[in-house]
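The values are calculated or read from the model by the stated rules, or taken from the named source; none is laboratory data. Bear in mind that the values here come from a model prediction, so they are computed numbers and not experimental data. When we count neighbours, we look across all protein chains shown, and the Cβ atoms used for this are built from the backbone with ideal geometry, even at glycine.
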Amino acid sequence: MNDQEIPMRGGRVTAGVVRLGDTIRRPITTDRSHVHTLLLHLEQQQFSGVPRFLGTDERNREILSFLPGNVPQDLDHFDDEQLSAAAALLRRFHDATVGLVRDEDGVTEVICHNDWGPPNAVFFDGLPMGIIDFDTIAPGLRLWDLGYSAFAWLNLGNPDYTGDEQIQRLFVAKGYGLKRCSAAAIAAYAVARQTALAVSGKTKGNADMAAWAESAAMWTVLNVTERLAPTGYGLMSRV
């Protein structure tokens, strides 16, 4: 076994994460018991798209199995097949977590990843095949997670794409395959996630993030959601 620690790079890597042989070692800086419970549950469900939790080492680091592949350096401009694969992988993840939640208030269906985007995807043979980084997991709605996923994978608000192009890509990305999670519903939740990110940016004093998220939300409303489910707001000039 190779005993050389190799720093992990690509995407948004947590400081101190290294590869050691066929394992990943990740510093534990906060309580991670909920993450460990999730990973162990997913293993029991035979969901292969996440690392396996193998315990902790002598330095109190998580030991996770290494997922073969790579995290993309280019975090934008994914093709239809890649977008569909990302949505399908999230669907399988959600389905495998149903047994971990209790929907007592009508707003809890699954465990949400809450940061499912290209920086947290492991690609193999050109397609997203693995999910990593579970810092933000929480019980919630499928559409809440899908909204952020659409925002992140399609980069909604990016002027490189027209509204027509993003609507077409959104229909492909709903390879999630659940009727109630329609393109219009996913787009509406994408705006909710963009708006939440803007609020978070203001709260944290990050004016650049807040401005970017607000701009993305407005673009998405005018160019996507108003065309999928018109409310009249889109009568304003489109961005």
| note | Those residues of segment 41-55 which are over 20 Å from F124 (Cα atoms) and polar (S, T, N, Q) amount to Q44, Q45
| Of the residues P72, P51, P7, which is touching a strand residue (DSSP E or B) at 6+ places or on another chain (Cβ under 7 Å), closer than 27 Å to G140 by Cβ and modelled with pLDDT under 95? | P72
| Residue identified as in a helix (DSSP H, G or I) and loosely packed, with under 14 Cβ neighbours inside 10 Å among V191, V199, V224, V172 | V199
| Number of the exception - W144 against (1) part of a loop (DSSP other than H, G, I, E, B); (2) closer than 30 Å to A15 by Cβ | (1)
| Qualifying position, being within 21 Å of the chain's Cα centre (by Cα), buried (at least 16 other Cβ atoms within 10 Å of the Cβ) and at negative phi, among R32, R61, R25 | R32
| note | Checked segment 100-141 for anything buried (at least 16 other Cβ atoms within 10 Å of the Cβ), within 11 Å of the chain's Cα centre (by Cα) and assigned to a loop (DSSP other than H, G, I, E, B); matches are H113, N114, D115, W116, G117, I132, D133, F134, I137
| field | Matching residues, segment 153-167, being surrounded by fewer than 21 Cβ atoms within 10 Å (Cβ to Cβ) and of a type outside the set (S, T, N, Q) | value | P159, D160, Y161, G163, D164, E165, I167
